[in-house]
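Chemist: Take a look at the following structure, please.
Derivation of every value follows stated rules applied to the coordinates shown; laboratory data play no part. Predicted model only: the values in this text are computed from it and were never measured. Cβ atoms come from the backbone with ideal geometry, glycine included; neighbour counts cover every protein chain shown.
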Amino acid sequence: MAQTLFALMLMVIFLGGTATAQFPEAEISNSQIHAKLYLPDAQSGYYRATRFDWSGVIATLEWKGHTYFGKWFDHYDPKTHDAISGPVEEFLTNGAGLGFTEVKPGEAFVKIGVGAIRKPDDQAFQQFHTYEIADSGKWTTQKGSDWIEFTQQLGDTAGYAYLYRKKILLAGDKLVLEHHLENTGRKTIATSVYEHNFFMLDGQPSGPDFVIRFAFEPRAARPLNGLAETRGREVRYLQELQPGQSVYTELEGFGSTSKDYDIRVENRKTGTAVHQTGNRPLAKMAFWSIRSNVSPEAYVDLRIEPGKQADWRIEYQFYTLP
């Protein structure tokens, strides 16, 4: 009997510990914004898959009582490609990892913000597959009360090497992402990077209460199947998305200057809104949405010769509608 009770106690402790498992995290705040972030960690980090940059994963962000990011998916696994939240980034070269087409099976290619990734076979690159990580590089973190900075250094991987730094800071009603990528390898880094926002404005379902506005008149490159439409400078939902429904299209019509990197997502029911801007021209604009989140995806191109560097900046201004 005593052994049975002891076993039950151990099971309760184990289950309780699993349910309350903690991940490395940090918090930053100012007079208007409070944000919680998950920290990069190859052993115990919240996100350990190989699609998105590990740095700057925002678990929650609140501005004046309104919430903007959170857990939008049902099933969590740290090695699932999109088990991640907040405005997160993915680096791609011709739709694949950097150097993927150059290396043989068993050798490593590069995902910036993740590290050196083992190529398992001769199959085409699978964006949503989680690969084996050969080297996650060296991560360091510095933090102040209203800012946090992540740095990753990756040594030579098939001729590619880099120093990547992302600083997240709060400035009044703005969340600012400052990026620095330095090419420390022998080969040119040619890549595109996009912001996958996963907006969850006050947890409202994607539907007619939302309006997504652009600085240009977007044209949908794919059918929206009666779920949404482009109208002037806006994308509007025609119905509330239900579980299992999704909208995806590339959007055409932007110009060659950074003035078109200007996106607003507004919810007319709660009045919650966000204005996203960037200081580089758009290379591609996509829009993806399911019931739980709204995700405009703005791409920029980078070409960095050995010994050179690139810097870019993205701002999110939070506001409410009149």
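Chemist: Could you look through the stretch 96-140, keep only residues that are of a type in the set (Lys, Arg) and in a strand (DSSP E or B), and pick out the one that is surrounded by the fewest Cβ atoms within 10 Å (Cβ to Cβ)?
Modeler: So the residue we want is 138.
Chemist: What residue, among those in the stretch 273-287 that are out of contact with any Pro (no Cβ under 8 Å at 6 or more places or on another chain) and assigned to a strand (DSSP E or B), is farthest from residue 261 (Cα to Cα)?
Modeler: Ranking the qualifying residues of the stretch 273-287, first place goes to 273.
Chemist: Under 6 Å by Cβ, and 6 or more places apart or on different chains, what pairs join a residue from the stretch 299-322 that is among the polar types (S, T, N, Q) with one that is surrounded by 16 or more Cβ atoms within 10 Å (Cβ to Cβ)?
Modeler: The qualifying pairs are 309/182; 317/173; 317/174; 317/275.
Chemist: Are any of the residues in the stretch 64-86 surrounded by fewer than 18 Cβ atoms within 10 Å (Cβ to Cβ), in contact with a strand residue (DSSP E or B) (Cβ under 8 Å, 6 or more places away or on another chain) and hydroxyl-bearing (Ser, Thr, Tyr)?
Modeler: yes
Chemist: Looking only at the stretch 209-232, which residues are touching a Lys or Arg at 6+ places or on another chain (Cβ under 7 Å) and loosely packed, with under 15 Cβ neighbours inside 10 Å?
Modeler: 217, 229, listed by residue number.
Chemist: While we're on this one: Which of the residues that make up the stretch 212-269 are in a strand (DSSP E or B) and among the basic types (Lys, Arg)?
Modeler: 213, 219, 231, 236, 264
Chemist: Sticking with this one: If you go through the stretch 179-198, how many residues are more than 14 Å from the chain's Cα centre (by Cα) and under 22 Å from residue 39 (Cβ atoms)?
Modeler: Matching residues across the stretch 179-198 total 3.
Chemist: Could you tell me whether the stretch 95-117 includes any residue that is of a type in the set (S, T, N, Q) and free of Cβ contacts under 8 Å to residues at least 40 places away in the same chain?
Modeler: Yes, the stretch 95-117 contains a residue that is of a type in the set (S, T, N, Q) and free of Cβ contacts under 8 Å to residues at least 40 places away in the same chain.
Chemist: Okay, next question. Tell me, which residue of the stretch 174-208 that is among the β-branched types (Val, Ile, Thr) and not in a strand (DSSP E or B) is surrounded by the most Cβ atoms within 10 Å (Cβ to Cβ)?
Modeler: My answer is 184.
Chemist: Within the stretch 118-134, can you find the residues that are of a type in the set (S, T, N, Q) and free of Cβ contacts under 8 Å to residues at least 40 places away in the same chain?
Modeler: 123, 126
Chemist: It is to be established whether one or more residues within the stretch 283-298 are farther than 22 Å from residue 174 by Cβ and in contact with a Lys or Arg (Cβ under 6 Å, 6 or more places away or on another chain).
Modeler: Within the stretch 283-298 (the criterion being farther than 22 Å from residue 174 by Cβ and in contact with a Lys or Arg (Cβ under 6 Å, 6 or more places away or on another chain)), the answer is no, since none of the residues qualifies.
Chemist: Identify all residues within the stretch 141-158 that are in contact (Cβ under 8 Å) with a residue 12 or more places away in the chain and either loosely packed, with under 15 Cβ neighbours inside 10 Å or among the polar types (S, T, N, Q) (or both); write none if there are none.
Modeler: 141, 144, 145, 151, 152, 153, 155, 156, 157
Chemist: Residue 172 passes all but one of (1) in contact with a strand residue (DSSP E or B) (Cβ under 7 Å, 6 or more places away or on another chain); (2) more than 23 Å from residue 297 (Cα to Cα); which number fails?
Modeler: All conditions pass for residue 172, except number (1).
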